[in-house]
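Below is one structure, written out as structure tokens; the observations come after it.
No lab work stands behind these numbers, since they all come straight from the coordinates. All figures in this text were calculated on a predicted structure; none of them were measured in a lab. Positions of Cβ are backbone-derived with ideal geometry, glycine not excepted, and every protein chain shown enters the neighbour counts.
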Amino acid sequence: MTILAVLSRFRPGLWVVGFAILCAVAYQTQIRREMADFRVYRTAAVRALQAEPLYQESDGHYQFKYLPAFALAMAPFALLETEPAKAVWFALSALLLLLFVRWSVGALPDRHRPVTTVRWLTVLFMVKFYAHELTLGQTNLLLGVLLVGGLMAIQTGRPRLAGVLIGLAAFVKPYALILLPWLIVSSGMAAATASAAIIAAGLILPAGVYGWAGNLDLLAGWLRTVTDSTSGNLLGADNVSIAAMWAKWMGVGVPATILAALTMAAILALTVAVWRGRRHVTHPDYLEYALLMLLIPLVSPQGWDYVLLLGTPAVACLIDRWPALTRPWKLATGTSLVLMGLTIFDIMGRALYGRFMALSIVTVAALGAVFVLAHLRRATLA
């Protein structure tokens, strides 16, 4: 057996080893000094174990904004010192990244292109979001794995499992609730009941530590923290939500709020039209699910750019269906993917990148990808 044959046989393992080495080097040289968001989760976990208030104004920009159950879920990291906890979380996040990309591409039905091609091109267009996620120590990869796991459960005829996974995802970030209406109409009440049971259990769980009244106070504090911090974040440079787009173009105020609401209503109508077209395709779930995941950072007022990594299934679908598109739609797809994923701060520089984000071009590009996905359904390509 030749050396090339041996390398070919063990190639999957070699890629994993290479990825692990790359992650280890990145962590040691840069990321271990970062991970600001992970510190927020660990601080909340420490407070939860001691039954202390989770939502404290004195935390400033680094306030905990997640449901109380998530603080309890992070309790194992509170039992470790900060540096070991960061290393473990980073290693888990890197593993979740591998699973997220693999599952996102693997779940794509009726592939038109080789799986390796789709994976590498998807990573190329999404790598800046992955890197930002890992540097911050964020939770969107965990969210993405739970959601794609839900999609795969639906594809294999296990709607209750899908409901459980989407319910769990809602405690990582409530954004996951955007999938519940689709789950109800597409998979029936069994899936919805499973989600509702998980959500109810998660909302009650902190009462075991804080008591009933304390848990209600926590939920009220969570709602207050989320709503009070929304308007102040609309003009953030990395906010790619539709609400932020209009606020940046027109200033924060009633006109921008109205236009954002109208835009989201139009997108809702488009999403319903995509769903109504499902009877014309053999495997409709993937595109609809991918579309909703891509919409999460766009419809959430606090949709930071790295949350666009949830668009991984959508990007994989666009790349795979590229050969079947007409030239104008190929141009629209390519432009959207390049402007969304290949505009990088380190290449563009602070001034140009700042202007680029101030104009919400990434948001416009993501909306372009949404319209291309809708076209794929209209053309019965996915």
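A search for C-beta distances below 8 Å between a residue of the stretch 298-310 that is over 17 Å from Leu259 (Cβ atoms) and without any contact (Cβ under 8 Å) to a residue 40 or more places away in the chain and any residue that is surrounded by fewer than 23 Cβ atoms within 10 Å (Cβ to Cβ) and not basic (Lys, Arg), counting only pairs 6+ apart in sequence or on different chains, returns nothing.
Does any residue in the stretch 89-118 that is farther than 12 Å from Pro313 by Cβ come within less than 9 Å, Cβ to Cβ, of a residue that is of a type in the set (S, T, N, Q) six or more places away or on a different chain, and which pairs are these? Filtered contacts from the stretch 89-118: Ser93/Gln138; Ser93/Thr139; Asp110/Thr282. Show the residue pairs meeting these rules: Cβ distance below 6 Å; 6+ apart or different chains; first residue within the stretch 199-214 and over 14 Å from Gly167 (Cα atoms); second residue loosely packed, with under 15 Cβ neighbours inside 10 Å. Cβ pairs passing all conditions: Val209/Ala51; Tyr210/Ala51. Is one or more of the residues making up the stretch 231-247 farther than 19 Å from Leu295 by Cβ and among the charged types (D, E, K, R)? Scanning the stretch 231-247, I find no residue that is farther than 19 Å from Leu295 by Cβ and among the charged types (D, E, K, R), so the answer is no. Residue count for the stretch 151-174, restricted to those that are touching a residue at least 60 places away in the same chain (Cβ under 8 Å) and closer than 15 Å to Pro313 by Cβ: 3.
Being in contact with a strand residue (DSSP E or B) (Cβ under 8 Å, 6 or more places away or on another chain) and within 24 Å of Leu54 (Cβ to Cβ) narrows it down to one residue among Gly211, Gly236; which is it?
Details: Gly211 fails: in contact with a strand residue (DSSP E or B) (Cβ under 8 Å, 6 or more places away or on another chain).
After applying the criteria, what remains is Gly236.
For the stretch 119-139, the condition of being basic (Lys, Arg), touching a residue at least 12 places away in the same chain (Cβ under 8 Å), surrounded by fewer than 23 Cβ atoms within 10 Å (Cβ to Cβ) and under 26 Å from Thr343 (Cα atoms) holds for at least one residue. I need the full set of residues from the stretch 237-251 which are at negative phi, surrounded by fewer than 18 Cβ atoms within 10 Å (Cβ to Cβ) and not aliphatic (A, V, I, L, M), in order please. Answer for the stretch 237-251, where residues must be at negative phi, surrounded by fewer than 18 Cβ atoms within 10 Å (Cβ to Cβ) and not aliphatic (A, V, I, L, M): Asp238, Trp249.
Listed here are the residues, each with its yes/no results for (1) touching a Gly at 6+ places or on another chain (Cβ under 8 Å); (2) more than 22 Å from Gln302 (Cα to Cα).
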site: Ala91; (1), (2): no, yes
site: Thr117; (1), (2): no, yes
site: Val127; (1), (2): yes, no
site: Tyr130; (1), (2): no, no
site: Gly149; (1), (2): no, yes
site: Ala153; (1), (2): no, yes
site: Arg160; (1), (2): no, yes
site: Gly167; (1), (2): yes, no
site: Leu177; (1), (2): no, no
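Scanning the stretch 329-382 for residues that are hydroxyl-bearing (Ser, Thr, Tyr), under 19 Å from the mean Cα position of the chain (by Cα) and part of a helix (DSSP H, G or I) yields Ser336, Thr363. Look at (1) among the β-branched types (Val, Ile, Thr); (2) more than 20 Å from the chain's Cα centre (by Cα); (3) closer than 16 Å to Ala290 by Cβ and you find that Thr156 fails only one, number (3).
Does Ala191 satisfy being assigned to a loop (DSSP other than H, G, I, E, B) and either surrounded by 13 or more Cβ atoms within 10 Å (Cβ to Cβ) or hydrophobic (A, V, I, L, M, F, W, C) (or both)? The answer is no for Ala191.
Looking only at the stretch 206-236, count how many residues are more than 30 Å from Lys248 (Cα to Cα), touching a Phe, Trp or Tyr at 6+ places or on another chain (Cβ under 9 Å) and surrounded by 17 or more Cβ atoms within 10 Å (Cβ to Cβ). The total comes to 1.
The set of residues in the stretch 140-175 being part of a loop (DSSP other than H, G, I, E, B) and surrounded by fewer than 21 Cβ atoms within 10 Å (Cβ to Cβ) consists of Thr156, Gly157, Arg158.
Scan the stretch 289-302 and tell me whether some residue there is under 11 Å from Arg377 (Cα atoms) and not aliphatic (A, V, I, L, M). No; the residues of the stretch 289-302 include none that is under 11 Å from Arg377 (Cα atoms) and not aliphatic (A, V, I, L, M).
Considering every residue within the stretch 361-371, establish whether at least one is in contact with a helix residue (DSSP H, G or I) (Cβ under 9 Å, 6 or more places away or on another chain), surrounded by fewer than 19 Cβ atoms within 10 Å (Cβ to Cβ) and touching a residue at least 60 places away in the same chain (Cβ under 8 Å). Even if it seems obvious, please write down each step before you answer.
Initial filter on the stretch 361-371 (in contact with a helix residue (DSSP H, G or I) (Cβ under 9 Å, 6 or more places away or on another chain)): 361-371.
Then keep just the ones that are surrounded by fewer than 19 Cβ atoms within 10 Å (Cβ to Cβ); that gives 361, 364, 368, 371.
Right, trim to touching a residue at least 60 places away in the same chain (Cβ under 8 Å) and you get 364, 371.
Scanning the stretch 361-371, I find at least one residue that is in contact with a helix residue (DSSP H, G or I) (Cβ under 9 Å, 6 or more places away or on another chain), surrounded by fewer than 19 Cβ atoms within 10 Å (Cβ to Cβ) and touching a residue at least 60 places away in the same chain (Cβ under 8 Å), so the answer is yes.
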